[in-house]
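The values are calculated or read from the model by the stated rules, or taken from the named source; none is laboratory data. What you see is a predicted model, and the numbers here were worked out from it, not measured in a lab. Quick reminder, even Gly has a Cβ in these numbers, built from the backbone with ideal geometry, and neighbours come from all protein chains shown.
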Amino acid sequence: MADSKTQLTPLFSNSILNRIERMRLSPLRRLTNRSRGEHLAGKGGSSTDFADYRDYAAGDDMRYVDWNIFARLRRPYIKQFLHEEEMHVVIVVDASTSMMFDDKLLRARQLAAAFGIMGLLNVERVSVYAQHQQEGAAWMLPPGSGRPRIQQLLSFLENLGGGGSIPIEQAIQTTLRFHRGRGIAILLSDFLTFSDLTRSMNMLFSSGLEVWGLQILADSEISPSLEGDMRFVDSETGETLDITNAGELLGLYQQHRDWHEDTLHQQCRSRNGRFASISSSQTLEQILFDVLSRKGWVLR
Amino acid sequence: MSFPTFTFVQGAWFFLAFIPLVVLYFLKLKRPRVEIPSLALWQSVVNDQRVNSPFQRFKRNLLLLLQMILLLLLILALMQPFISAGPETTDYLPVLVDCSASMSSVVDETGRTRLDVAIEQAQGMIDNLRGEGKIALFSFASGGRRITEFTDNKRILSRGLEQMKPTHRASKLDEVLRMADAYSRTAPVEKVVVITDGNLNDRVDFELPFELDIQRVAEGGDNLGITEMSARRSGPQTWDIFVRISGSSEDPLLGDLKLFQDGRLIGKEAVSASTEDAERIVFSVDTDKEALLQALLEVGEKDSLSIDNQVWLTLPKPRPLRCRISPELYSWQHAAGVQSDVDIDAAKDPTAPEYDVIISDSEDLKGVTAPVNVYNGVVPDDLSDLISVTDVDVASSDIQIVDWTRTAHLLRHVRLRDVQIGQQTAYAEGATSQDLEERGYEVLIHGASGPLMLQRRRGLETDYYFLFNTDRSTLPYRIAFPILVSNVIQAGMSQASLSEISASPTGVLPPLNMEADRQYKITGPDGSSDTVNSTSTGRLTGVPAATVGKYDIYDDGELVASVGTGLLSQLETSLAPVEELKFTEVEVRTDTAEMVESDLDLWWSLAFAAFLFLLLEWWYFQRMKTEVTA
């Protein structure tokens, strides 16, 4: 589809887009809607993929009787096929001010576009919710499916700016107020919040959404290089914190970051989800085709 | 080494300045502002850090630490800490500094004397004055002198120390201790400090009412000096001069002894002496007139005390002894007449106003005087209530001499046993020899019922009282009598310096016979002059002579006599300290005290350290500032 000479989106190159088009999301559980889609449901369906046999029961559609079996065994058996159902892909992009450091938001937009394209090309219903506080800017891309939706998706993400201090848990709750449908909730955030995410995770899970948390951190957050006394200023709230001899606190900082990451991982995994932490300095190719592919997030 | 103490303890209030320092430090601390995506992680980190180590920020904040150390050093410097070099002087403390001749001895190659060391030690005590402590300074040699009252004014005390000069006198502790005792009644004195070289008489006639702390200064080097010089007439115009040289070291010290007569060298001898072996040199001098002798000892560099190297001695003009004997005392006249060089005046009335010896049978001397008076058969008027004399029959009674003082000058070689006496002396009822002593009389001859001979000293004069008349005894017929008379004559000659004469030690000049009732000017060896009047009898007495050397006596600007003095103290020349002083009831050790130095002030060290910390802090601040900028 993508023309190698005309750049379809500034978010990534056409070559990457071509590779994305051949990839699919790989949910751990098949949480789908009953409406038809391209996801094979566990229950019987009408797709071409064979699932099982069962005894014929009165009222069954005669078209699904396996006549070859009937000829050999003289008993009618119904052939069952996997049911293809529609799956929602809810992409929540944290566009607060904290994501505006070191290409974090850019990487989040790129990944959101990639996940969205994978979903749309796989006939899923893709919606995007971006949490920011920009006046008059769009913050939601309603659920939609089909290839034509790709352009809208890209356009929405290309124009997505950042700002504000909406924490991720509030972003999730806002999303759930508008969203209905089972599927996957992909959270693209740095998850740097003062609050506990347990409630928000529970709400996502109870809404039938598989929680995929992708933490995007800048290198200055993963391996800060600080020395001496300084006053930290929160980019979102403007609050300050005096640090004395920051160099000696880096060890403790790493412990807390690891613990925070483990907590997020635990919260996602306990809700049949996934969690990964990446650096904004990693390229999109490295993230998509290496990290997430190896972790089984996407299928090629 | 004691712990540091503080002069200005109230300065500790400045430690409260730490509070605003810490507060202002954190308020005014200029931290670089760093915008980060979120404080979420850092807030938890900081919370965790505060919980685990609430004081970590103080420990890790080097700049604050430096500032606190700087402030600490400044406050400590303000409190003026010092390390006390010795015990603090917190009470009323009399300090007695020995200024005797031995304190002039040199203790080291720099030429410091013992007195210099003693003054430094006393200065240390003055510097250590604390609180209500006050010091009174005394100097002493043969006598005591108060230099300052009790005061805590260090300037006055230091000035008092500057006044202390070494004297040419032997040391004697008694008098100055009595002075200190008198002062102890005006102030609460518990202890008296004596700073001395220990060159003292080991027996002190004083009952200590306070604790005595004797601090001995360091001993000096070796010394050789003249400790004795005397002359004895060996012929009508010939004198034997005896000079004794003593040393202070175990190894003999060498020197040359020179004898000058009226400034002219008349003899020279090489001498050597040690502590064990003094040397006695004899010179023979012929003179028919008064002569002034000077013995001068020349010693090499080893001699640490120079003032005992010269002694002056005046030889009197040879003359016969003037002896006045009462006309009725034939036995005495006869016995004295056989003595050589004796002019006897036995006239009814005296022919001269002054004699060398008077032998009288009456207490009334008819207006004449002599340094030696012998009364025969006379009971002193002031003893008439204690002693009575009665005549007895020699044949029927046995009045004999029981005992006599054989060491008395007049009774040397006189054997009185079996002498019969025709008069009996008896004590009045209840009277004893102690009553006589209380009135200044000493019993020389004891009889069975009372004293037979008394002696009384009155200044330079000595009176001898035979309470019985010798002519009413068998004494004139005994061999002891001419010996007795000879002793009297010798005593007179000795008193008149006609047979023996000793050099005078420093203190006062020996009595001089000058014209009566005249004013004389005496010029000392140090250039000082004094004016003294002679008595009606022409005696010139009580002339102070504190310095070794020659004293010239002028009458209306004309030199009429010259006399001299010398140190002449075996104790001072020996420079040897005594280990223990024996007082009336107690003994006090004269331990060598450690040098009391001035307190070691620490404030300047702390101030210097504070300056270094200031530089360090400045360097650290600049470095930190550079890093932040970078």
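Summary table
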| read-out | value |
| --- | --- |
| Some residue of segment B:102-116 being within 14 Å of chain A (Cβ to nearest Cβ) and at pLDDT below 80 | no |
| Test: residue in segment B:147-163 that is under 30 Å from B:LEU224 (Cα atoms) and over 24 Å from the mean Cα position of the chain (by Cα) | no |
| Residue match in segment A:22-37 (condition: assigned to a helix (DSSP H, G or I) and modelled with pLDDT of 85 or more) | no |
| Residues within segment B:329-353 that are surrounded by fewer than 17 Cβ atoms within 10 Å (Cβ to Cβ) and either in the same structural domain as B:ARG539 (by TED's automatic domain parsing) or within 43 Å of the chain's Cα centre (by Cα) (or both), tallied | 5 |
| Residues within segment A:121-172 that are part of a loop (DSSP other than H, G, I, E, B), closer than 23 Å to A:LEU17 by Cβ and without any contact (Cβ under 8 Å) to a residue 24 or more places away in the chain, tallied | 3 |
| Those residues of segment A:222-237 which are more than 7 Å from chain B (Cβ to nearest Cβ) and in a loop (DSSP other than H, G, I, E, B), in sequence order | A:SER223, A:PRO224, A:SER225, A:LEU226, A:THR237 |
| Residue in segment A:84-91 that is more than 28 Å from A:ASN18 (Cβ to Cβ) and buried (at least 24 other Cβ atoms within 10 Å of the Cβ) present | no |
| Subset of segment B:150-178 [in a loop (DSSP other than H, G, I, E, B) and under 13 Å from B:LEU93 (Cβ atoms)] | B:PHE150, B:ASP152 |
| Within segment A:238-263, considering residues that are in contact with a strand residue (DSSP E or B) (Cβ under 7 Å, 6 or more places away or on another chain) and surrounded by fewer than 19 Cβ atoms within 10 Å (Cβ to Cβ), the one farthest from the other protein chains (Cβ to nearest Cβ) | A:GLU261 |
| Failed item, numbered, when A:GLU210 is tested on (1) part of a loop (DSSP other than H, G, I, E, B); (2) more than 12 Å from chain B (Cβ to nearest Cβ); (3) out of contact with any helix residue (DSSP H, G or I) (no Cβ under 6 Å at 6 or more places or on another chain) | (1) |
| Filtered residues of segment B:417-466 (kept if under 20 Å from B:VAL372 (Cα atoms) and among the small types (Gly, Ala, Ser)) | B:GLY440, B:GLY459 |
| Looking only at segment A:113-147, and only at residues there that are more than 16 Å from the chain's Cα centre (by Cα) and either of a type in the set (D, E, K, R) or farther than 21 Å from A:GLY183 by Cα (or both), the one that is modelled with the highest pLDDT | A:ARG147 |
| Scan of segment B:508-537 for residues that are touching a strand residue (DSSP E or B) at 6+ places or on another chain (Cβ under 6 Å), within 28 Å of B:SER569 (Cβ to Cβ) and of a type outside the set (A, V, I, L, M, F, W, C), ordered by number | B:PRO510, B:PRO511, B:TYR520, B:THR523, B:GLY524, B:PRO525, B:SER529, B:ASP530 |
| Hits in segment B:232-274 (condition: surrounded by fewer than 17 Cβ atoms within 10 Å (Cβ to Cβ) and touching a residue at least 60 places away in the same chain (Cβ under 8 Å)) | B:ARG232, B:PRO236, B:GLN237 |
| Selection from segment B:486-516 of residues that are within 24 Å of the chain's Cα centre (by Cα) and outside any strand (DSSP E or B) | B:ALA503, B:THR506, B:LEU509, B:PRO510, B:PRO511 |
| One residue from B:PRO505, B:PRO451, B:PRO482 being modelled with pLDDT of 90 or more, out of contact with any strand residue (DSSP E or B) (no Cβ under 6 Å at 6 or more places or on another chain) and not aliphatic (A, V, I, L, M) | B:PRO482 |
| One residue from B:GLU120, B:GLU132 being out of contact with any His (no Cβ under 6 Å at 6 or more places or on another chain) and modelled with pLDDT under 85 | B:GLU132 |
| Elements of type helices (runs of 4 or more DSSP H) in segment B:40-83, at least 2 residues being at pLDDT below 75 and either within 8 Å of another protein chain (Cβ to nearest Cβ) or surrounded by 15 or more Cβ atoms within 10 Å (Cβ to Cβ) (or both) | B:56-60 |
| Flag for B:ALA431 being surrounded by 15 or more Cβ atoms within 10 Å (Cβ to Cβ) and over 21 Å from B:LEU329 (Cβ atoms) | yes |
| Segment B:103-142, residues that are in contact with a strand residue (DSSP E or B) (Cβ under 9 Å, 6 or more places away or on another chain), farther than 18 Å from B:VAL193 by Cβ and small (Gly, Ala, Ser) | B:SER104, B:SER105, B:SER142 |
| Test: residue in segment A:192-206 that is buried (at least 17 other Cβ atoms within 10 Å of the Cβ), part of a strand (DSSP E or B) and touching a residue at least 24 places away in the same chain (Cβ under 8 Å) | no |
| Complete set of residues in segment B:295-328 that are touching a helix residue (DSSP H, G or I) at 6+ places or on another chain (Cβ under 9 Å) and either within 30 Å of B:ARG472 (Cβ to Cβ) or assigned to a strand (DSSP E or B) (or both) | B:LEU321, B:ARG322, B:CYS323, B:ILE325, B:SER326, B:PRO327, B:GLU328 |
| Failed item in (1) farther than 17 Å from B:ILE489 by Cβ; (2) crowded, with 20+ Cβ neighbours inside 10 Å, with B:SER384 passing the rest | (2) |
| Failed condition for A:ARG180, given (1) in a loop (DSSP other than H, G, I, E, B); (2) in contact with a Gly (Cβ under 6 Å, 6 or more places away or on another chain); (3) not small (Gly, Ala, Ser) | (2) |
| Members of segment A:256-300 that are part of a strand (DSSP E or B) and not hydroxyl-bearing (Ser, Thr, Tyr) | A:ARG274, A:PHE275, A:ALA276, A:ILE278, A:VAL298, A:LEU299 |
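Per-residue answers, yes or no, for (1) surrounded by fewer than 15 Cβ atoms within 10 Å (Cβ to Cβ); (2) modelled with pLDDT of 80 or more; (3) within 14 Å of another protein chain (Cβ to nearest Cβ):
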{"position": "B:TYR554", "(1), (2), (3)": "no, yes, no"}
{"position": "B:GLU579", "(1), (2), (3)": "yes, yes, no"}
{"position": "B:VAL588", "(1), (2), (3)": "no, no, no"}
{"position": "B:GLU594", "(1), (2), (3)": "yes, no, no"}
{"position": "B:TRP604", "(1), (2), (3)": "yes, yes, no"}
{"position": "B:LEU614", "(1), (2), (3)": "no, yes, no"}
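Each row is one residue, and each column tells you yes or no for (1) surrounded by fewer than 17 Cβ atoms within 10 Å (Cβ to Cβ); (2) out of contact with any helix residue (DSSP H, G or I) (no Cβ under 8 Å at 6 or more places or on another chain).
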{"residue": "B:THR425", "(1), (2)": "no, yes"}
{"residue": "B:ASP435", "(1), (2)": "yes, yes"}
{"residue": "B:ILE445", "(1), (2)": "no, no"}
{"residue": "B:SER449", "(1), (2)": "yes, yes"}
{"residue": "B:GLU461", "(1), (2)": "yes, yes"}
{"residue": "B:TYR464", "(1), (2)": "no, no"}
{"residue": "B:ILE479", "(1), (2)": "yes, yes"}
